[in-house]
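The values are calculated or read from the model by the stated rules, or taken from the named source; none is laboratory data. What you are looking at is a predicted structure, and each value in this text was computed from that prediction instead of being measured. Neighbour counts run over all protein chains shown; Cβ positions are idealised from the backbone, glycine included.
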Amino acid sequence: MLEVFLWRQILMLWRSKFFYDFDQKIDRLLDIYIEGGLLQEEYQTKKANLLNEKADIEQEIRDFEQKGNSWLELYAEFKTA
């Protein structure tokens, strides 16, 4: 059971870092736009692309968590049997 707990903790840490990194990308994009490095249309397009990519990866993470947790729980049951 400890292994399942550890895997869940690792997944949570990875997820937190992923979202932090994504937020940093959006913040840098905004900074570039504010400094005049991008036109408004370019900024909106790039931001929309980043947000779409983030949403796709969020869905993949949710799918993995559902399937991954099942796999980890089966593994834990097998080890204790």
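On the given criteria, is TYR75 at pLDDT below 70 and hydroxyl-bearing (Ser, Thr, Tyr)?
Details: at pLDDT below 70: yes; hydroxyl-bearing (Ser, Thr, Tyr): yes.
Here the answer is yes, as TYR75 does meet what is asked.
Could you check the stretch 20-49 and list, in sequence order, the residues that are free of Cβ contacts under 8 Å to residues at least 24 places away in the same chain, of a type outside the set (Asp, Glu), assigned to a helix (DSSP H, G or I) and surrounded by 13 or more Cβ atoms within 10 Å (Cβ to Cβ)?
LEU29, LEU30, ILE32, TYR33, TYR43, LYS46, LYS47
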